[in-house]
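The structure appears below as C-alpha cells.
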Amino acid sequence: MPQKQKARITIVGLGPGNPGQIPLIVWEALKQGERILLRTGEHPVAPWLKKQGIKFATFDNLYEAGNNFQDVYKQIASCVLEQAGRGPVIYAVPGNPFVAEETVELIIHEAASLNLDVNVLPAMSFLDAIITALGIDPSKGLLILDGSSFKGKLPQPNVGNIILQVYNRLVASDIKLLLMESYPPDYKVIIVRAAGVPDFQRIEEHPLYGIDRLDWIDHLTSIYLPPGSETAKARYPMDQLVEIMEILRSGNGCPWDREQTHKTLRKYVLEESYEVVDAIEQEDVYKICEELGDLLLQIVFHSQLGREEGAFDLNDVIAGIIKKMIERHPHVFGNVLVADSAEVELNWERIKNREKKTSPQYSILDDVPKYLPAVLRAGGVQAKASKVGFDWTDYRGAMKKVEEELKELTLAIAENVPEEVEAEIGDLFFALTNLSRLLGVDAEVALSGTVNRFISRFHYIEEKARINNKEITEFSLDQLDVWWEEAKIVEKNKKSRNYFLGGRNCNKYSE
C-alpha cells in the first residue's frame, strides 16, 4: 500500500506592501494555490491580490476578539495547522516569514510533531524597506526589537534600534514608557509608516515623549532610534558606579580598596547579604533599598577585580544572568507550557542539572554553597537529596529519626566521650532541620524567630533589673524565671492586641 502523502503547508512572504516587490516564486504559488490564508487583510498587497482574482481568507476576526497578540498568534497557528491536516494550504504573511513573524515560528515548531511538511518561500521584509528608506547601514550596528513583545531584550543606546510592529497608539505608549528608562524624553526618534509602499510611506522625526500622540500610527508603523552614546541617559546609573570603583582601585585611589582581593572581600559579601535579610525582616523598605545598594557595591567591586585580571567585567556578569534567566524560563520566553509554580521549579532544576552535567564529577549536592550557615546548608542538602527520592515519605519518619538521635545523644553524654557528643548533637540538629522541612517550616526562619523572642524576653528581664536599681546578677534564678514568664505573657498580649488592630503593620500606631 503506498504511503499517504504528508499534508503540506506553504508559507509565503508578501513583502513590505508594494505588489512589485512580491517574488515571482511567491506569485506563482499564490496563483496555483486552492486554499490561501492571510494572517491579515490589513496589508497594502491584499486589495491588489483581490483585483488579480486571488481568493483568500484572513484571520482579522481573531485580532478583534483576542486579549493580546500572543494569544491571537497561537490561535492563528492552530487554525493553519488544522486546515493543513485536511490538505495543502498556503499561509501568507506580510514581509519576510522569518522576520518578526511569531505565527510562523509556532507553525514550524508544531508541524513536525503533526507530520506536516512545511515549505517557506521568502520575500523582501519591511525591515529591508525601512533600512532603504532611512538610508542606514546595519553593519555599523543595529538592534531589531518586536514592539508587541520585547521578550527580555532592552534597547541599546550606543547603536541604532528599530522597533517593529508598533500596531497602534496604545502599543506606542507602552514602548514610550519603556524607552524613557534608557533615553531622555526629548530624544529625537524617527517614525516610519509603510516603508517602501508608494503613496503610503510616511517618515517623520518626533521627540520620544510625543510618539503616542500621532494619530496616523497603524499596523505598518515602526520606530527607529538613532545611536546616541553621548546623549542617551540611562535611568539606572550603573556606569557611574563602575567608574567610581575603577577610580578607587587606581593608583590615585584609596589604599584600602587597592589592597582588596576576592578572598578578602568574602566576609563583606556575607555581612551585606545578612544586612539585606535583616532589613527585610524589619519590613523597612528604605533600609532594604540602602542595604541592597551596599550589596550591589560588593558585586561591582568583585567585577572590577575580575576586569583587572582580564577574566570578566560587570557586563559579563549581567549578560550571564540575563542568558540564564531567559534559558531557565522557557515557559515565559519560549513555547514550554507549565501548570503551576511547582512545575516551574521542576523545570528549573532540570535545566540546572543539564548545565552542570557537563562535568563528569558533578553531584546534585554541589549546588549547595559550602559557606552557607550550617542550618541553611543542611536544609539545602536535604532538599536536593529529596528531589531524587532520597527522603522520608512524610514527617513521621523524620520525627522518629529525631527521637532516635536524641537517644544516641543521651547515651554519648552518659559515656562522656566529647567527640561523640559533638557528633550526636550535629546529627540531632540535622534531623530537626529535616523534620522542619517536611513540616513546611523553614528551619533558619524558625530558629531566628526563637532567637529574637529570647532577646526580647531577656530585654524585659534586664529592664526589670534596672527598675529595681540592681545588676541582673544580683537576682536569683527563680526571680529571673518569674520575669521570664511575665515576658512571655506580655508578648502574648501584645500579639493579641496587634491582631485586633489589624495586624503587624499597625504596630507603630498602637504603641
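The values are calculated or read from the model by the stated rules, or taken from the named source; none is laboratory data. Not measured: the values here are computed from a predicted model. In this analysis, Cβ positions are derived from the backbone assuming ideal geometry, glycine residues included, and neighbour counts consider all displayed protein chains.
List the helices (runs of 4 or more DSSP H) inside the stretch 239-330, counting only whole elements, that have at least 3 residues being of a type in the set (A, V, I, L, M, F, W, C). Spell out how you get there, then give the answer.
Details: elements: 255-259, 266-281, 285-308, 314-327.
Because the criterion is at least 3 residues that are of a type in the set (A, V, I, L, M, F, W, C), the helices (runs of 4 or more DSSP H) in the stretch 239-330 that meet it are 266-281, 285-308, 314-327.
Based on what the data block shows, is Trp256 loosely packed, with under 15 Cβ neighbours inside 10 Å and in the same structural domain as Asn168 (by TED's automatic domain parsing)?
Judged against the criteria, Trp256 is not a match.
May I ask you to say which residue of Leu270, Leu295 is closer than 23 Å to Leu376 by Cβ and in contact (Cβ under 8 Å) with a residue 40 or more places away in the chain?
Values: Leu295 fails: in contact (Cβ under 8 Å) with a residue 40 or more places away in the chain.
After applying the criteria, what remains is Leu270.
Which residues, counting only those in the stretch 452-479, are assigned to a loop (DSSP other than H, G, I, E, B) and either surrounded by 14 or more Cβ atoms within 10 Å (Cβ to Cβ) or small (Gly, Ala, Ser) (or both)?
Phe475, Ser476
State whether the residues of the stretch 291-304 include one that is among the small types (Gly, Ala, Ser) and surrounded by fewer than 14 Cβ atoms within 10 Å (Cβ to Cβ).
yes
Of the residues Val197, Val189, only one is in contact with a His (Cβ under 7 Å, 6 or more places away or on another chain), buried (at least 21 other Cβ atoms within 10 Å of the Cβ) and in contact (Cβ under 8 Å) with a residue 12 or more places away in the chain; which? Show your work before the answer.
Numbers: Val197 fails: in contact with a His (Cβ under 7 Å, 6 or more places away or on another chain).
Criteria check complete, one pass: Val189.
Residues in the stretch 114-150 that are among the aromatic types (Phe, Trp, Tyr) and closer than 17 Å to Leu14 by Cβ: how many?
Counting residues in the stretch 114-150 that are among the aromatic types (Phe, Trp, Tyr) and closer than 17 Å to Leu14 by Cβ gives 1.
Which one of these does Val338 not meet: (1) modelled with pLDDT under 75; (2) surrounded by fewer than 12 Cβ atoms within 10 Å (Cβ to Cβ); (3) not in a helix (DSSP H, G or I)?
(2)
From the set of residues in the stretch 394-434 that are polar (S, T, N, Q) and over 33 Å from the mean Cα position of the chain (by Cα), which is nearest to Asp366 (Cα to Cα)?
Filtering first and then ranking leaves Thr410.
Among the residues that make up the stretch 325-334, is at least one of them farther than 30 Å from Glu105 by Cα, of a type in the set (A, V, I, L, M, F, W, C) and in contact (Cβ under 8 Å) with a residue 12 or more places away in the chain?
First, pick out the residues of the stretch 325-334 that are farther than 30 Å from Glu105 by Cα: none.
No, that holds for no residue.
Looking at Val445, Val441, Val482, can you tell me which residue is surrounded by 11 or more Cβ atoms within 10 Å (Cβ to Cβ), assigned to a loop (DSSP other than H, G, I, E, B) and not polar (S, T, N, Q)? Step through it out loud before you land on a result.
Working: Val445 fails: assigned to a loop (DSSP other than H, G, I, E, B); Val482 fails: assigned to a loop (DSSP other than H, G, I, E, B).
None of the others qualify; the one that does is Val441.
Having 2 or more residues that are surrounded by fewer than 18 Cβ atoms within 10 Å (Cβ to Cβ) is the bar; report the strands (runs of 3 or more DSSP E) wholly within the stretch 79-167 that clear it.
Strands (runs of 3 or more DSSP E) meeting the threshold: 117-121, 142-146.
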